[in-house]
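Chemist: Pasting in a structure now, in structure tokens, and then I'll have a few things to ask.
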Amino acid sequence: MSALEELLTKIQNRKVLVAVIGLGYVGLPLAVEFARAGFRVVGVDTDPRKVDSINRGSSYLPDVPTQALAPLVDSGNLTATTDYDVLAGADAISICVPTPLSKYKDPDISYIVAASDGIGQLAHAGMLVVLESTTYPGTTEEIILPRIAENGLQVGRDFFLAFSPERVDPGNSVWKTRNTAKVIGGVTPQCLRAATALYGQAIDQLVPVASTRAAEMVKLLENTFRAVNIALVNEMAIMCDKLGVDIWEVIQAAATKPFGFMPFFPGPGVGGHCIPLDPHYLSWKLKTLNYNARFIQLAGEVNSHMPDYVVGKVVDALNEQGRPVKGSRILVLGAAYKPDVDDVRESPALDVIRLLQARGGLVDYHDPYIPSLRDEGVPLDAVDLEVGLPAADCVVIVTNHAAYDWGWIAGHARLVVDTRHVLRGIAGGARVVGL
Ligand code: SAJ
């Protein structure tokens, strides 16, 4: 029996030990789905707090309720460890580690390299490895493949290697790991067969593609599409402002077109761990091939200009009232990168705060999910809204959390720069300035 046939049989009989490396917002939900599908799953993470929490059956992610996790841990289907040596006994490994950017906006694949080195030392015949982390086309075959093949194992015969981009949208209550279509590309047809056999047991819909590079590119197209279209609508907002046209009315009217249009909305900038970063993985790779990805570069410029644009609106709004920014009390509402999450990674709110402080503004912030910004290098703790808002000379709405009572805000603020168009049509005494 070939190594592939053996693996396929073990998958069919649920005799496969699945390892998931990286137990964050991607890896933990994936580990849970494999465990729910009847596999024994071991999660591997460098953070002992995550490992301990899982082994206590307690979830640290809003997207994975403890009542969903605990039974899988109690039954022994799901365990966690910081010890990479468990990979020696794994038949399948999914790599779900971070892929940040360096401070020079170059890809930082150090986590992928570390995981690949760990796997390379423990690889054995019959093993399936699937990379899920967002990365530039070529990573799977240039970084992971040689580290496993150096053991004398042949890809597609002795071990199987694929790429399957994560499509987790934190906080999305409709689209979860199980019911979101999953793209998969293998190094060889046998690799694709092994990967789809395993993932098909835990994910409702698979989308096989011709290669790992195609699968790596699918993810980058998805997120570059968003970054470029958000930049387009941000620039449209700036142009409408100069023309004296209401961008929000224009978008709303354009969105009535039943085909060929998809609305995006202007804002104070683009945050998160995906949209501001992923496209730069692609532009970096193309630079090594002497091609300049102009849309990605321009989108990055336009989106990263938005915090300055918002601060310009604050300066003008205070100026209208004969107030300099310097010495004015300014309250930033919302620090998270998008509504109803507690994540401040790359959040434009941090830029808005820093830019206002640099102009001498006395800046406070409020966010129901984020008690302090000190870990982000901003020496501020969230203020009490009932105290901070009425005392502010200007309020800047940066993140439109659903928890906010916009009627109360409009009724108790004097001046508001509303970057999210949430106060339109809401009665209140505040003077409201939009983007
Ligand atoms: N943003 C705008 N205008 C828009 C849309 C977003 O300014 O019209 C801003 C948001 O405020 C945020 C940033 O862009 O700061 C990113 O927003 P996002 O809605 O793209 O949210 P993310 O970063 O959580 O993106 C994730 C991505 N999911 C994955 O990578 C698996 C993305 O592909 C999803 O499309 C997105 O969720 C989603 O649709 O919610």
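Please treat every number below as a calculation from the coordinates, not as lab data. Model, not experiment: these values are computed from the prediction. Reconstructed Cβ throughout: ideal geometry from the backbone, glycine too, with neighbour counts over all protein chains shown.
Chemist: What is the percent of Cα-Cα separations in the stretch 3-210 that go past 21 Å?
Modeler: Across the stretch 3-210, Cα pairs with separations above 21 Å total 49 percent.
Chemist: Divide by every residue of the chain the summed helix terms, -39500 (n - 2.57) for each DSSP H run of at least 4, and state the resulting mean residue ellipticity at 222 nm, rounded to the nearest 500 deg cm²/dmol.
Modeler: So the helix-based figure for the chain works out to -12000 deg cm²/dmol.
Chemist: Here's another thing I want to ask about it. Answer with one residue from Trp284, Met262, Gly428: the one whose Cα lies farthest towards the positive end of the charge dipole of the chain, charges on Cβ with Lys, Arg +1 and Asp, Glu -1.
Modeler: Met262
Chemist: While we're on this one: Ranked highest first by average number of other Cβ atoms within 10 Å, how do 180-190, 326-336 line up?
Modeler: 326-336, 180-190
Chemist: Further question: Tally Lys/Arg at +1 and Asp/Glu at -1 over every other residue whose Cβ is under 14 Å from the Cβ of Leu243; what's the total?
Modeler: Residues close to Leu243 contribute a combined charge of -3.
Chemist: Can you tell me which of 140-146, 261-267 comes out highest on packing, and rank the rest after it, using the mean Cβ neighbours within 10 Å?
Modeler: Answer by packing, highest mean first, reads 140-146, 261-267.
Chemist: A further question follows. Rounded to the nearest 5, what % of the DSSP beta bridges within the chain are antiparallel ones?
Modeler: Taking every DSSP beta bridge within the chain, about 10 percent pair in antiparallel fashion.
Chemist: Right, here's the next one. If you take the Cα Rg of the chain and divide it by 2.2 N^0.38 Å, with N the number of residues, what do you get?
Modeler: So the chain has a normalised radius of gyration of 1.09.
Chemist: For q = 0.15, 0.16, 0.21, 0.23 Å⁻¹, what log10 I(q)/I(0) does the stretch 324-435 give under the Debye formula with an equal point scatterer on each alpha carbon and no solvent?
Modeler: Once normalised to I(0) and log-transformed, intensities are -0.56, -0.64, -1.16, -1.39.
Chemist: Report the local net charge at Ala3: Lys and Arg +1, Asp and Glu -1, summed over other residues whose C-beta lies under 14 Å from its C-beta.
Modeler: -1
Chemist: Tell me, what ³J(HN,Hα) does each residue in the stretch 356-368 have, in order and in whole Hz, if you take phi through Karplus 6.51 cos²θ - 1.76 cosθ + 1.60 with θ = phi - 60° and put x for Gly and Pro?
Modeler: Result, rounded to whole Hz: 5, 5, 5, 8, x, x, 8, 9, 10, 9, 9, 7, x.
Chemist: So, in Å, what gap is there between the alpha-carbon centers of the stretch 175-237 and the stretch 89-118?
Modeler: Taking the Cα centre of each part, the stretch 175-237 and the stretch 89-118 sit 18 Å apart.
Chemist: Treat every Asp and Glu Cβ in the chain as -1 and every Lys and Arg Cβ as +1, leave all other atoms uncharged, and give the resulting dipole magnitude about the Cα centre to the nearest 20 debye.
Modeler: 620 debye
Chemist: Sticking with this one: Going by C-beta contacts inside 10 Å, put Asp405, Asp241 in order with the fewest on the left.
Modeler: Starting with the residue having the fewest Cβ neighbours, the order is Asp405, Asp241.
Chemist: Here is a follow-up. Give, as a single signed number, the net charge of other residues whose beta carbon lies under 12 Å from the beta carbon of Gln297, with Lys and Arg counted +1 and Asp and Glu -1.
Modeler: +2
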